[in-house]
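Peer 1: The structure follows.
The values are calculated or read from the model by the stated rules, or taken from the named source; none is laboratory data. Please read these numbers as outputs of a predicted model, since none were measured by experiment. A quick note on method: Cβ atoms are made from the backbone with ideal geometry, for glycine too, and the neighbour counts reach across all protein chains shown.
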Amino acid sequence: MDFKRTTVAQFDDILRLIQLGRSDRDIARSSKCRRTLIAKIRKGILTKEELARLQVCERAAPAWTLQIDWQNVETDIRDGHQIKRIWEESAEKLTSHPNFFKYIKARFTQILAATVTLREFKPGEHGEVDYAGDKIPWVDVQTGEIQYAHVFIGILCFSQKIFAHAAIDEKKANWLMSHKLMLEFYGGVPCVVVPDNLKTGVIKSHLYDPDLNPDYVELASYYGFSVVPARVVHPKDKALVEGAVGILMRYFRFIYRRRTFTSISEINVALREAGEKINLKIHTRFKTSRQDRFERLEKVHLRPLPLEPYSISQWKKCKHHQDCTVAADNNFYSAPSAYRGKELRVKISAFQVEIFFNLERIALHVRATRIGERVIDPMHLPANSRAYREATPQMVLAHAKFSHQSLHTLIDELFQVDTCGNLRRAQGLTRKAYSLINEHGRETASQWIEGAVNQMRRFGRMRVKAFDGYIKDEMKKTSQALEDRSIIRQPGNPMVRERVYVASEETQLRLV
């Protein structure tokens, strides 16, 4: 280090070591400067004023520097362009590359020191995601309970544009939905996304070959980005998003410190406003906003979004039952009978249900809209089962018609809505009607059956238990109608007081 690069603080430090009696060799080793410089300071040849004068003389700019637009050069350096490319464009005919680089290093020392990093990112190459450690409290108006929102934060590593979204929890559905909203917010897809090792993203962490969540892999494949999880206990692998979490959450807590949120949607609106303010603020290192840097340099390098938005799906492992159906999403879906008793994987999306066996799709159904529905493809059933299902409803209708015409009409209407879903119910109704006819005779039982069917239609309760209850009510009405309810007094009962009417003389004369 010579006088050209020696600062006033370093000069004072060398002078202090000289006063402590340290040798020139020790001072040169600790200060990383030449011993000739230390000798000049020790002898008083080089003073602080003389050092300042020499440095001013050395700062005289060469003539070629006057022909360059240094404002554009500074903008290009802050945007991360190579100094050699800047020299080729603006100063190749004026001076050599070493001279240009030396002058750039002396003139823009702070910029070059600030842009030095161990990780260099290209536009549209990397993105990082993480959950904030601090949760945002909000009050449920209906219950008065205080709940906490989990904040998902994403960042593009080149422009450092920040995205934030709050959800009720950190489960898989919200994790995938946050990624979908993030990519739509940026209007494109980066090549690589770096998450943490949470279970919704990484099932089992590994330095070289981690096991990713299948749903997360499907989302990454759909949008066309690679998932490279950060190493365990290495937060610097995603240092930018860690810094973004601190910047956003500190700013959010300060701005909304006097506000009480009552819903997740309110929190998301506030997060969007806070994120926009941070993205529009001038970056201390770039000397431009994150939004401007994103629009000018990175947006065009992002991969385009798919034409159709991603549909969030869920995977479940289900055992194929003997009735050729699997239970998923509170409903039943059929699969080919050859896979009965085996474990199948079911993919449930917004509008359809897919059933897989060893990565092969064996069934596809439209997703049921009501709970408890049975979605069955007749081709998935064995031949004898298909024949049974086709013959049994006709047999039930014949039995119902033999019992009573009103019961036959009711069961026929139920079969028109869903034959397989109402088959067991129809069998129970006909069985109950047959038992009544066998026990009480056709004439009496027919009246009870007709009354019970009318009550079922009146109250809309198409259930076997309801039919049984209405039959009992009809039986009570019949027994009450047959019962003689006249009062019979027993003679000679001393507890019964008999009233004897004796007409007076005036009453007898009037009657006459």
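Peer 1: For the condition out of contact with any strand residue (DSSP E or B) (no Cβ under 6 Å at 6 or more places or on another chain), touching a residue at least 60 places away in the same chain (Cβ under 8 Å), closer than 30 Å to Lys287 by Cα and basic (Lys, Arg), what is the one hit in Lys161, Lys236, Lys180?
Peer 2: Working: Lys236 fails: touching a residue at least 60 places away in the same chain (Cβ under 8 Å); Lys180 fails: closer than 30 Å to Lys287 by Cα.
The conditions single out Lys161.
Peer 1: Here's a check for you: in segment 308-320, which residue that is part of a strand (DSSP E or B) and more than 19 Å from the chain's Cα centre (by Cα) is farthest from Leu219 (Cα to Cα)?
Peer 2: Initial filter on segment 308-320 (part of a strand (DSSP E or B)): 314-319.
From the residues that got through so far, the ones that are more than 19 Å from the chain's Cα centre (by Cα) too are 317-319.
Details: Lys317: 19, Cys318: 22, Lys319: 26 Å.
Here the answer is Lys319.
Peer 1: Any residue at all in segment 291-308 that is surrounded by 15 or more Cβ atoms within 10 Å (Cβ to Cβ) and among the polar types (S, T, N, Q)?
Peer 2: Yes.
Peer 1: Can you tell me which of (1) modelled with pLDDT of 70 or more; (2) surrounded by 14 or more Cβ atoms within 10 Å (Cβ to Cβ); (3) within 60 Å of the chain's Cα centre (by Cα) is the one Arg34 doesn't meet?
Peer 2: (3)
Peer 1: Mind checking which strands (runs of 3 or more DSSP E) fall wholly inside segment 127-186 and carry at least 3 residues that are surrounded by fewer than 17 Cβ atoms within 10 Å (Cβ to Cβ)? Show your work before the answer.
Peer 2: Working: elements: 136-139, 146-156, 162-167.
In segment 127-186, 146-156 are the strands (runs of 3 or more DSSP E) which contain 3 or more residues that are surrounded by fewer than 17 Cβ atoms within 10 Å (Cβ to Cβ).
Peer 1: All but one of (1) at pLDDT below 90; (2) in contact with a helix residue (DSSP H, G or I) (Cβ under 9 Å, 6 or more places away or on another chain); (3) not basic (Lys, Arg) hold for Gly124; state the number of the condition that does not hold.
Peer 2: Gly124 satisfies every listed condition except (1).
Peer 1: Then there is this: Out of all the residues in segment 310-320, which are touching a helix residue (DSSP H, G or I) at 6+ places or on another chain (Cβ under 8 Å), modelled with pLDDT of 85 or more and not hydroxyl-bearing (Ser, Thr, Tyr)? Write out each step before concluding.
Peer 2: Step one: of segment 310-320, the residues touching a helix residue (DSSP H, G or I) at 6+ places or on another chain (Cβ under 8 Å) are 310, 312-315, 320.
Among the residues that remain, those that are also modelled with pLDDT of 85 or more are: 310, 320.
Across segment 310-320, the qualifying residue is only His320.
Peer 1: While we're looking at this one, here's another question. Only one residue in Ala52, Ala61 is small (Gly, Ala, Ser), at pLDDT below 80 and part of a helix (DSSP H, G or I), so which one is that?
Peer 2: Ala52
Peer 1: Continuing with this model, one more query. Given Lys204, Lys180, Lys199, which one is closer than 26 Å to His301 by Cβ and basic (Lys, Arg)?
Peer 2: Values: Lys204 fails: closer than 26 Å to His301 by Cβ; Lys199 fails: closer than 26 Å to His301 by Cβ.
Criteria check complete, one pass: Lys180.
Peer 1: For segment 195-244: of the residues being in contact with a Cys (Cβ under 7 Å, 6 or more places away or on another chain) and buried (at least 18 other Cβ atoms within 10 Å of the Cβ), which is nearest to Ala164 (Cα to Cα)?
Peer 2: Start the filter on segment 195-244 by keeping residues that are in contact with a Cys (Cβ under 7 Å, 6 or more places away or on another chain), which leaves 225-226, 240.
Narrowing the set further to residues that are buried (at least 18 other Cβ atoms within 10 Å of the Cβ) leaves 225, 240.
Details: Phe225: 20, Leu240: 14 Å.
It comes out as Leu240.
Peer 1: On to the next question. Among the residues of segment 244-271, write down those that are charged (D, E, K, R) and touching a helix residue (DSSP H, G or I) at 6+ places or on another chain (Cβ under 9 Å).
Peer 2: Quick first cut of segment 244-271, residues charged (D, E, K, R) only: 250, 253, 257-259, 266.
Residue satisfying the conditions is Arg259 alone.
Peer 1: Still on this structure: Identify all residues within segment 347-382 that are of a type in the set (D, E, K, R), without any contact (Cβ under 8 Å) to a residue 40 or more places away in the chain and closer than 26 Å to Thr419 by Cα; write none if there are none.
Peer 2: Taking segment 347-382 and keeping what is of a type in the set (D, E, K, R), we get 347, 354, 360-361, 367, 370, 373-374, 377.
Narrowing the set further to residues that are without any contact (Cβ under 8 Å) to a residue 40 or more places away in the chain leaves 347, 354, 360-361, 367, 370.
Scanning segment 347-382 gives Glu354, Arg367, Arg370.
Peer 1: Here are some conditions: (1) closer than 26 Å to Ile282 by Cα; (2) modelled with pLDDT under 80; (3) out of contact with any helix residue (DSSP H, G or I) (no Cβ under 6 Å at 6 or more places or on another chain); (4) surrounded by 11 or more Cβ atoms within 10 Å (Cβ to Cβ). Ala113 meets all but one. Which one does it not meet?
Peer 2: Every condition holds for Ala113 apart from (4).
Peer 1: Out of the residues in segment 343-381 that are modelled with pLDDT under 85 and touching a helix residue (DSSP H, G or I) at 6+ places or on another chain (Cβ under 8 Å), which is farthest from Gln322 (Cα to Cα)?
Peer 2: Looking at the filtered set, the residue picked out is Pro378.
Peer 1: Would you mind stating whether Asp237 is at pLDDT below 90, assigned to a helix (DSSP H, G or I) and either within 18 Å of the chain's Cα centre (by Cα) or not hydrophobic (A, V, I, L, M, F, W, C) (or both)?
Peer 2: Answer is yes for this residue.
Peer 1: Okay, next question. For segment 141-152, how many residues meet the condition of being within 30 Å of Asp196 (Cα to Cα) and not β-branched (Val, Ile, Thr)? Talk me through it step by step, then tell me what you get.
Peer 2: Step one: of segment 141-152, the residues within 30 Å of Asp196 (Cα to Cα) are 146-152.
If we keep only those that are not β-branched (Val, Ile, Thr) as well, we get 147-150, 152.
The qualifying residues number 5.
Peer 1: Could I ask something else about it? Can you name every residue in segment 8-31 that is of a type in the set (D, E, K, R) and either loosely packed, with under 15 Cβ neighbours inside 10 Å or in a helix (DSSP H, G or I) (or both)?
Peer 2: So in segment 8-31, the residues of a type in the set (D, E, K, R) come out as 12-13, 16, 22, 24-26, 29.
Within segment 8-31, Asp12, Asp13, Arg16, Asp24, Arg25, Asp26, Arg29 qualify.
Peer 1: Could you list, in sequence order, all residues of segment 270-290 that are part of a helix (DSSP H, G or I) and of a type outside the set (Gly, Ala, Ser)? Spell out how you get there, then give the answer.
Peer 2: Initial filter on segment 270-290 (part of a helix (DSSP H, G or I)): 270-280, 290.
Those that are part of a helix (DSSP H, G or I) and of a type outside the set (Gly, Ala, Ser): Leu271, Arg272, Glu273, Glu276, Lys277, Ile278, Asn279, Leu280, Arg290.
Peer 1: Follow-up question, since we're still on this one. Look through Leu305, Leu344 and report the one residue that is outside any strand (DSSP E or B) and touching a residue at least 12 places away in the same chain (Cβ under 8 Å). Can you show your working first?
Peer 2: On the way: Leu344 fails: outside any strand (DSSP E or B).
After ruling out the rest, the residue left standing is Leu305.
Peer 1: Turning to a different aspect of this structure: Taking segment 326-378 as the search range and keeping residues that are in contact with a Cys (Cβ under 8 Å, 6 or more places away or on another chain) and among the hydroxyl-bearing types (Ser, Thr, Tyr), which one is surrounded by the most Cβ atoms within 10 Å (Cβ to Cβ)?
Peer 2: Here the answer is Ser334.
Peer 1: Every residue in segment 397-419 that is exposed (fewer than 15 other Cβ atoms within 10 Å of the Cβ) and either basic (Lys, Arg) or not in a helix (DSSP H, G or I) (or both), please.
Peer 2: Hit for segment 397-419 is Asp418, nothing else.
Peer 1: Considering only segment 250-258, I want to know if a residue exists there that is under 20 Å from the mean Cα position of the chain (by Cα) and over 30 Å from Gln71 (Cα atoms). Can you show your working first?
Peer 2: Our first condition is that a residue be under 20 Å from the mean Cα position of the chain (by Cα); within segment 250-258, this holds for none.
Looking through segment 250-258, none of the residues is under 20 Å from the mean Cα position of the chain (by Cα) and over 30 Å from Gln71 (Cα atoms).
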